[in-house]
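Notes to accompany the following structure.
The values are calculated or read from the model by the stated rules, or taken from the named source; none is laboratory data. Just so you know, these numbers come straight off a predicted model, no measurement behind them. Every residue, glycine as well, gets a Cβ built from its backbone with ideal geometry; the counts of neighbours run over all protein chains shown. Calculation scope for accessible area: heavy atoms of the full protein, side chains included, ligands and nucleic acids excluded. Shrake-Rupley method; radii C 1.70, N 1.55, O 1.52, S 1.80 Å.
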Amino acid sequence: MNSRLCRWLAILALCSASWAHAAGTAAPFDLTGPSLEVTVTRGGATLPIAQAPHLATGDKLWIKADFPETQSEHYLLILAFLRGPTNPPPKNWFFKCEAWKKACQQKGLTVTVPEGAQQALIFLAPEDGGDFKTLSNAVRGRPGAFVRATQELNQATLDRSRLERYLASIRHLNAANPAVLKDTTPLLARSLGIKADEKCLDRLPQLQAPCLMQGQETLILNDGHSVSIVESLTTGPASDLVMAASHTPQANYGYYSPYLSSLFDLGRLFDSFRVANYQYIPALATALGTKLTLTLNTPPSFQNPKSVLVAALPAVEQALPPPLHAVSPKDIYCARRDSLVLPVEGAPLVFATEYAHNTVLRVAGKDGETIDLPATADATQGGFVVDTSPLATASLSERFKGSLHGYWGFDKFDGPGFQLVNTHSQSWSPSSLDDGSLIIGRANTIHLQAGSVACIDRIMVKDPSGKELRVDWSPVKANEVEINLPLQQAEPGAVTLLVSQFGSSEPHPVELRAYPEAGRFESFAIHAGESHGVLKGSRLSDVASLSLKGLDFVPTPSATDTKSDALRMEVVRPVEPESTTADAAPEQPAPSLQQGDTVKAKVKLRDGRSYTVNVTVAAPRPSVELVGKSVQLSTRSNESNIQLASEDQLPQDAQLIFSVKAKSPAIFSREANIEVASKDEGFATTLSLANRGITLVDSKVAVVTFDPAKAFGFSAFGPLKYRIVNQGVAGDWQSLVTLVRLPVLQALQCPAVAEQACKLTGSNLFLVDSVSSDSEFKKAIAVPAGFPGRALPVPRPGKSGLYVRLRDDPSVINVAALTAEELPPPPGTEPAPAPAAPTPAPVDQAAATAPAAIAF
């Protein structure tokens, strides 16, 4: 057997080129021949031939030739039954009707399928005295050849029906709207088992249809169902040869289809039938209703050898129902759609022929009532189109099942089942991956979720201006839909999605909000054990708070630089109940974190949006506790004649000595340094053991000596801060003192007349902010900024002396350590009327008195 098969394959290889040439040059089946009217009756039911995929013993066939009235050549209509390749049929299985005679023209030919018959052939032979006997003898003499011819004719007819439906659909779609070919052709090809060239769909719409119809005979793919319908006898090496030919690459069209294989075999078979008087030519029978139209590829001859037309009827065999199955069995479909499409595949003949008829989708109502919905196979939509109008008044469950049922010829068949949903009120909300916020200035994609999205008809969006737009959407899951929102020109504000469902009169609103583009949030850095950290990113001025480990962080009051890419945030201090005892303020809580922890924080913006940000936990920073401090005044400080009222004020030419206690780590290392800096860190210095700025009392306490004049010069002023730096890791800044520059007050002279102003003389008086005779500064004199003089008019001091506010620290009220010297009136003169004392200027006025106005 193996050697025999090898010889067949070798012959096939040698002949493949010649077959390809023959296929390319053979005349196509494009000659319209005569037509017949055929019906099949079984058990009292009559079907047109187009709805009969097979015959059965006892069926009544009615056949009538439909020739035009002008037909001049007389044809003999012959119906013959066969019973296999090795069993010649009896003579009484041949039936004739003289088509030119009135009786045949009116009544046609009625024949009952005999028992044991397996195939049926129709012959149209030109009138000749011995035509009937000659033809019956030919069939009975070579029954196997005619059995094979029946099989090939049926196969070619079924394949051609798929091809014709495909080409007709392409032409129709191209004429109506070429743009839909790209989406419709894959559905059409899947339904009909056609090999469509996907490259054609990449061309311009006007060029797609011609490309899709090239190489027509090679477009048809093998269909197991149609093959099983016609293949009842042929097996073994011969059938292997046919299948081998159908899968052999030829020309530029890929693979031969079964249709081409049938044409090859028909050509060889009918050539072998040729005799002196007759030649047999194949006719493909296209069924439409009761009409059977014959299509030829060879012009008939009415001279010897005359042409006998041979057409096949469906085989006599058991019913083979269509192997339909759902394309996506898990998909859910909406029963309220006006035109419901149920995608199916697996049986191209359902779409290409009328064999499947009276098809319905059967569903059950809520009360158990069975409802049949008409269903029509539509290859361009890739499935059955169901008329759901009967459901308008039906009572249905929210979810139910339906299944296809119909007739395959005379026999019932059951198709696949489908999951259906009814339109009902349901809540719609953004998916967990979306927070419902939209960004203006760009296209947005959002996912909505509900119990089912199968019944969505359309989705509209109403932007903040109230304008409604239709949006593109597509289901991504049974309960989720993806929506593309065009918000390129939208303004910030409320956005409403209007979801309309089939069978529902009112759309369901879904409220969303459109925001401006948010900043980026890179990270939140915090040291273990601390209650503050730094958020890095952009547009940090929009940040309202940050949540981490159950604690809320807010921007520190000093974080006012909105253009910075770093924002310092600290834990909100808990509100303590009022206490009558003077307890110290409670310590700020810190999140429970360890170095290297991988956690996330939630950043909340002022407009309500929230974003997650990665948290970086660094090692605990070193820290110290201030134990005490003292100020060593210089001689010049004592000569300033100003008694400083706060121990937190440090004269610039004084020396600060302060002691600190180690907290973390618990002891000082030899590498520990203390940094002192101004508030803006424009001035900074490092004190260490090496430069004798630090003296260790023991391993836990250190004394620090700081000389501001040497470290910062004479232009530094304002609050100072300090921190410990241990092995390159800096601790947190802590407040230390306020650095002040002192003027030198030399004398205070007051006239004898009490109403006249006194005169304060000294140097560097521009360092004075204001002077008053009372501690509440109700009668204050403001000193202009940059005052260059050496004398100031001041109010007459009270019993407690004169009060002074320094420009470097105007929050503290200091006392001038000067005794007023009363000036006597000039000798020999009468005391002149005392001039009125100058009106005290408010302390907070920036330019109360110009420098030139202060004079004596």
In nanometres, what is the gap between the two model label sites at LEU696 and ASP387, each 7 Å from Cα along Cα-to-Cβ?
10.1 nm
Please work out how much accessible surface TYR515 shows to a 1.4 Å probe, ignoring ligands, DNA and RNA, in Å² rounded to 10.
30 Å²
Count the net charge of all other residues whose Cβ sits under 13 Å from the Cβ of VAL768, scoring Lys and Arg as +1 and Asp and Glu as -1.
+1
From the C-alpha gyration tensor of region 268-379, square roots of 5λ in Å:
46, 13, 13
Per residue of region 529-534, in order, report the coupling 6.51 cos²θ - 1.76 cosθ + 1.60 (Karplus, θ = phi - 60°) as ³J(HN,Hα) in whole Hz, putting x for Gly and Pro.
x, 9, 9, 8, x, 10
Can you tell me which aspartates and glutamates have their Cα less than 16 Å from the Cα of LYS778? Leave out same-chain residues fewer than eight positions away.
ASP769, ASP844
LEU689-LYS602 FRET efficiency (beta carbon distance; Förster radius 56 Å; 0.05 resolution)
0.80
LEU650's amide H: which non-local residues (gap 5+, or another chain) put their own amide H closer than 5 Å, with H modeled 1.01 Å from N in plane and none for Pro or chain starts?
THR738, LEU739, VAL740
To the nearest 0.05, how large is the calculated FRET efficiency for ARG171 and LYS133 if R₀ is 30 Å and r is the Cβ-Cβ distance?
0.05
Hey, with R₀ at 45 Å, roughly what FRET efficiency would GLU491 and SER800 work out to, going by the Cβ-Cβ distance, to 0.05?
0.10
What are the residues whose amide H is under 5 Å from the amide H of LEU485, where those residues sit 5 or more places off or on another chain and H is modelled from the backbone?
ASN444, THR445, ILE446
Expressed as a whole number of Å, what is the distance separating the alpha-carbon centroids of region 706-777 and region 644-669?
18 Å
Holding the Cα-Cα limit at 30 Å, pick out from LYS64/LYS412; LYS195/LYS306; LYS602/LYS721; LYS366/LYS412; LYS182/LYS330; LYS64/LYS306 the pairs that are longer than that.
LYS195/LYS306; LYS602/LYS721
Difference of contour (0.36 nm per residue) and Cα-Cα distance, LYS778 to LYS663:
36.8 nm
Once both label points are put 7 Å beyond Cα along the C-beta direction, the GLU506-ARG790 separation in nm becomes 9.1 nm
If we count every other residue with Cβ under 13 angstrom of PRO126's Cβ, Lys/Arg +1 and Asp/Glu -1, where does the sum land?
-4
Residues whose modelled amide H sits under 5 Å from the amide H of LEU792, counting only those 5 or more places away in sequence or on another chain, are LEU760, THR761
Mean shadow of region 661-764, computed from the convex hull of its alpha carbons, in nm²?
9.7 nm²
Segment VAL812-GLN318, length gained on full extension (0.36 nm per residue, minus Cα span)
166.6 nm
Hey, which aspartates and glutamates would be in cross-link range of LYS600, C-alpha to C-alpha under 12 Å, not counting anything within fewer than 8 residues on its own chain?
GLU522
Mind ranking 594-604, 304-314, 807-817 by how tightly packed they are, going by the mean number of other C-beta atoms within 10 angstrom, highest first?
304-314, 807-817, 594-604
Using the heavy atoms of the protein chains alone and a 1.4 angstrom probe, what is the accessible area of region 413-509 per residue in square angstrom?
48 Å²
Hey, can you rank 78-91, 625-638 by average C-beta count inside 10 Å, highest first?
78-91, 625-638
Given points 7 Å out from each Cα along the Cα-Cβ axis, report the THR556 to LYS330 separation in nanometres with one decimal.
5.4 nm
What is the gain in length, in nm to one decimal, between HIS74 and ASP680 on full extension, counting 0.36 nm per residue of separation less the C-alpha to C-alpha distance?
206.4 nm
